[in-house]
Amino acid sequence: MSGDHHPELSFWRKYIFSIDHKVIGVQYAVTALVFLMVGFSLIMIMRYQMAYPGQSIPVLGNLLGSDESAYIAADGSMLPEGYNAFGAMHGTIMIFLGVVPLAVGGFGNYVMPLQIGAPDMSFPRLNMASYWVFFVGGVIMLASFFVTGGSANSGWTSYPPLSDIANEGGHYFWNGQTMWLLGMVFLITSSLLGSINFIVTIIHLRAPGLTFFRLPFFVWAQFITAFLLLLAFPPLEAAGVLQLMDRLFDTSFFMPSGLIVGGQILDQYSGGGNPLLWQHLFWFLAHPEVYVLILPAMGIVGDVIANNIRKPLWGYNTLVYSSIFLGFMSFVVWAHHMFITGMGTTLSAFFAATTMIISVPSVIILTCFLISLWGGAIRYTVPMLFALSFLPMFAIGGLTGLPLGLPASDIFLHDTYYVIGHFHYVVAPGTVMALFAGIYYWFPKVTGRSMSKTLGLLHFWPSFICMNAVFMPMFFVGLAGVSRRLWSQEEYELGALTMGWVRMSSWGAWGLGVAQIPFIINFFISIRGKKVDQNPWQATTLEWAAPSPPPHGNFEVTPVVHRGPYEYSVPGHKNDFSPQHISEA
Amino acid sequence: MSAEVLPYTVKPHPVSGLYSGKMGIWLFLASEVMLFGALFSTYIFLRVGDPAWPSHEETHLSIPIGTINTLILITSSITMVMAWASCKMNNIAKAKMWLTVTAGLALAFLVLKFSLEYYPKIQHGNVPSKSTFYAIYFTMTGLHALHIIGGVAVIAYFIGPGAKLWKTDPEYYTNRIECTGLYWHFVDLVWIFLFPVFYLL
Amino acid sequence: MNFGMLADSRFWLPDDFSEHGGRIDTLINSVHWFMAALFVGWGIFFVYCMVKFRQRPGHTANYTPVKAKVSKYLEVGIVVFEAFLLLYFSIPAWADYRNIPEPKEGADERFEVRVVAQQYAWNIHYPGPDREFGPCRPELVDETTNPVGLDLADPAAADDFVSINNFYMPVNREVFVRLSSKDVIHSFSMAKLRVKQDVIPGMETPIWFKAIKEGETDITCAQLCGLGHYRMKGRAFIVSQQAFDDWFAKASVVEEFDEDDFDD
Ligand code: HEM
Ligand SMILES: [Cu+2]
Ligand SMILES: [Cu+2]
């Protein structure tokens, strides 16, 4: 281990303020998993209010709302304040503190340098800084639950003027919405530092012989993701600064003139601003962000599938070009989230056209994965099951984007549960399942031990079923015309007619919660579980050329690459896998 | 530690032609372009949408002070280049001198900005909440001033404790001065856009 | 676990009372058929592969099994069909939805109304028999007596009246709505009329539609607008011209301010 040729580091330098990409990757992953659990718990509580509006929440109800100042619940049942606060924070936590840090900060940090045969990231100290900046952002977000007036409650999209005047009752600075903005500035800064590091590392630290078109698809996915983070986040940072100005200094970037809230003219504002400005800046980030959520997942799925079909991926070059194209196009579709704001025919036709165009590379990527299965010898390992389930789920998520991208059908579907169904099929049954695939696949790399297959199956099947039970009904609720973000839909004519679906969705969510227990047990017992050898999946990519777990500095000798990433079952070779770094067949 | 063994921290990469730090700073500047790009777009969006946008007689921005500040920043860019050139010519004493001049000019810019521009404006009640013009003016120039302050901090670091690196690895130190310079030129460039946008148009 | 009404839960589009809604529904339906066809196609291929190519003794993977062009045909097909949906259905339907037709005269004359959204109510401002809206000013707003800030000194305002949350409209007549908001962004949504439009403060957004069936539908706020978002609920009544005229005559005399609608 590293102790042999390096002076022993103190506990703090080794595990807390480490600059080793692997330790930082694990820190990111563990923090992100905790945040995923927090965000998921919020929604499990909200789902009770949705399914049984106004009824008191069993067990938890009294904990959430016992004293006077409680804003979450009263007499055991959820208040609209609590509902909106949890809703906003669920979205924020899941996206910015859960999925992205796990997919990019966790997997990207840990696996990418190994897959390119690098000893570390190009800027190890910057890497550490990016984790700690992220951590501070996360703490600020969590702390906001406990300030007077509670956390941010204007949705994860934080549309002004509502967000400009939200959480007014609290402290001038330490209130929910202001802390949300502050937290976002930290999270954005962290992503920027990270993305610079990723790009430079991938360009500069590839092992000899590892050309761009020999990179595993996962590395490509991280590379494109890093560019999206680098270029799409700054406009949101700008928007965040502007909203902070509005809140702290009463500027009017997003405040038009003559607003009257609750009978009072808001005369501390000069007016003259425009609420749509925020939406443009926000969605300029948030659509590329969608691909930040999905590309790393596709990368994981590509690697896991290739490994388990024991043959190369079909259309590797096509996959790469499609992903690059996807990255570019994602900058010119943002206003498809704004059709209903009063957009004219020409502009909406433009954004509808770009949206239709961007669906093509997504279809191509999916098709490549599907065709790859043909002629393989499919090994149904736990990571493979998760990776395979990604395909149909992502297909549903992507396809349901079509009617949302066509302005005419979006008139009806916009801001209904259909939208929630659509993007959750992409990010939850899609990305989250892919992330689980990644955890099961690389666990032996990180710990040198394998996870239990039985518990893995016990995790996979219930999760797969529950995911669909949660999200499929949302399409029906949306098609029936029910708006999203309602504390109670029962009083609405169409809402009352779909309560059955809503309850099914809620029970699905609680089932999904239970289905994570085998995973948690598996995770902890496997840390002390059965030891495995260096390359348990008989994989070809470079991370398996390093010892498991890899020492500080990763490789005993810098690997030299001789072939593409997925050379499985090469005719004439003696094994059914030909690792990239081994020259003789 | 790994920082030393990593390739291309000092020498340029054969394909990209850049050492890692320089590529990093270019990428950082790309994101800065997006940041200020978003703010300039905001400016256009607000201005086009507001028929009552103040003319520049009404805004009381002083063109002479703006011009002097522009000249100060342009000069500081030149002195920054001189610092780097001195490093290249192995003259650390001169490099430190030029860095000091650069930091001094930056401070002069800030002093002028705060004492002769911000302060009287705030005195006259022309605060950010007065109109969207002042809002965007204070936000953009304020963010730019923060960038200048950041730059001064970095330069001060390289005059002081950061200069130790020169003794162990002069080339590495020179590279860092070059990166600082790139950032510094960018900050100047932003001002060169800000000046006409707020003072002249 | 009792899902209660699952058996009689709705799962597709609600009734449609509007003239333009048919085209939206056709588009939604055809896209879903298209999606279903693709999904089933992929699904069959997927399941077939999973069974046929599972690892088992005597079966090995084939390094280069497919040279087919099928995927190309599939992709080209998708592009063509999407282009068709966009150009043939969506753009024309959207254009008709957005582009306001020329006002007509006489019996076909459109019926105009202002809707002023606020946290958490819809103020439906009718111009009265003179067909002219009185001017409104923010300074004049009084939440209990004058929610839209009508300038009562102006002659045009004299016969105006405001109905809170109840939106009466005549059937078979173009309805032209000027939408505005007093505070934050709301979204004016009437599912059974296939109408949805964000209401952005600081601007007036016009929309128009024609109901061709009598009936009722909820008015929902589709954009999160604060703690009372869920109860920002109104009701639209589409009635015959005769019934409408009766209501109109009565309503323009009695000012309709019901304080109960304003609790927040
Ligand atoms: C495959 C092609 C895709 C298309 C054509 C598409 C299209 C759209 C459109 C048009 C909307 C706006 C709907 C509305 O507000 O009425 C939307 C919403 C959304 N989509 Fe997608 N999308 C796609 C993929 C994705 C992916 C990959 C993700 C995430 C990983 C995603 C996440 C979201 C999210 C988070 C929203 C909701 C935004 C909100 O809160 O309003 N989408 N999508
Ligand atoms: Cu989008
Ligand atoms: Cu509303």
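The values are calculated or read from the model by the stated rules, or taken from the named source; none is laboratory data. A quick note: this is a predicted structure, and the numbers were derived from the prediction, not measured. Ideal geometry is used to build each Cβ from the backbone, glycine not excepted, and the neighbour counts take in all protein chains shown. Side chains included, ligands, DNA and RNA excluded: accessible areas come from the protein's heavy atoms. Shrake-Rupley method; radii C 1.70, N 1.55, O 1.52, S 1.80 Å.
Figures for the structure shown
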quantity: Mean separation of Cα contacts under 8 Å, 6 or more apart, over the residue count of the range A:64-124: relative contact order %; calculated: 14 percent
quantity: Whole-number percent relative contact order across the range A:307-381, with pairs defined as alpha carbons under 8 Å at least 6 apart; calculated: 59 percent
quantity: Two-site FRET efficiency, A:V557 against A:I324, from Cβ-Cβ distance with R₀ of 22 Å, rounded to 0.05; calculated: 0.10
quantity: Amide H contacts of A:T416 (H built 1.01 Å from N, under 5 Å, at least 5 apart or other chain); calculated: A:R484
quantity: Euclidean distance between Cα centres, the range A:262-314 to the range A:516-543, Å; calculated: 32 Å
quantity: For the protein assembly as shown, with +1 on Lys and Arg beta carbons and -1 on Asp and Glu, the positive-most of A:I43, A:V200, B:P12 along the dipole; calculated: B:P12
quantity: Antiparallel bridges, percent of DSSP beta bridges restricted to the range C:102-181 (to nearest 5); calculated: 60 percent
quantity: CD proxy at 222 nm, helix term only [per DSSP H run n ≥ 4: -39500 (n - 2.57); per residue of chain A; nearest 500]; calculated: -19000 deg cm²/dmol
quantity: Portion, in percent, of the accessible area of the range A:186-277 that falls on carbon or sulfur, probe 1.4 Å; calculated: 63 percent
quantity: Carbon and sulfur %, accessible surface of the range A:43-121 computed with the full protein complex present, 1.4 Å; calculated: 59 percent
quantity: Antiparallel %, DSSP beta bridges [both residues in chain C], to 5; calculated: 70 percent
quantity: Residue-averaged 222 nm ellipticity for chain B, from DSSP H runs of 4+ at -39500 (n - 2.57), nearest 500; calculated: -24500 deg cm²/dmol
quantity: Rounded to 10°, Cα long-axis angle of helix B:63-88 versus longest principal axis of chain B; calculated: 10 degrees
quantity: Cα gyration tensor, the protein assembly as shown - rounded (a/c under 1.5), prolate or oblate; calculated: oblate
quantity: DSSP-defined antiparallel bridges as percent of all bridges, the protein assembly as shown, nearest 5; calculated: 75 percent
quantity: Where B meets A: accessible area buried, both sides, 1.4 Å probe, Å²; calculated: 3000 Å²
quantity: Two-site FRET efficiency, B:Y172 against B:I78, from Cβ-Cβ distance with R₀ of 25 Å, rounded to 0.05; calculated: 0.55
quantity: Distant-in-sequence amide H partners of C:N146 (H built 1.01 Å from N, under 5 Å); calculated: none
quantity: Derived scalar couplings ³J(HN,Hα) [the range A:200-209; Karplus, 6.51 cos²θ - 1.76 cosθ + 1.60; whole Hz; x for Gly, Pro]; calculated: 4, 4, 5, 6, 9, 10, 5, 5, x, x
quantity: Nearest-0.05 FRET efficiency for B:L146 and B:I44, computed from C-beta distance (R0 25 Å); calculated: 0.65
quantity: Under 5 Å, built H, 5+ apart or other chain: amide partners of C:W122; calculated: C:N165
quantity: Spacing of the two label points (7 Å from each Cα toward its C-beta) at C:F11 and A:I527, in nm; calculated: 4.4 nm
quantity: Surface accessible to a 1.4 Å probe, A:L230 within the full protein complex, Å²; calculated: 0 Å²
quantity: Cα centre as origin, Lys/Arg/Asp/Glu Cβ charges: chain A dipole, Debye; calculated: 1880 debye
quantity: Axial C-alpha extent at least 24 Å, average Kyte-Doolittle at least -0.5 - helices from chain C (DSSP); calculated: C:21-52
quantity: For B:V10, solvent-accessible area (1.4 Å; no DNA, RNA or ligand), Å²; calculated: 30 Å²
quantity: Rounded to whole Hz, the Karplus (6.51, -1.76, 1.60) HN-Hα couplings of the range A:233-250, x for glycine and proline; calculated: 5, x, x, 5, 4, 4, 4, x, 4, 4, 5, 4, 4, 4, 6, 8, 10, 6
quantity: Spin-label model distance (nm) - B:A156 vs B:I192, 7 Å beyond Cα toward Cβ; calculated: 2.8 nm
quantity: Inter-label distance for C:N146 and B:I65, nm, one decimal - labels placed 7 Å from Cα along Cα-to-Cβ; calculated: 4.4 nm
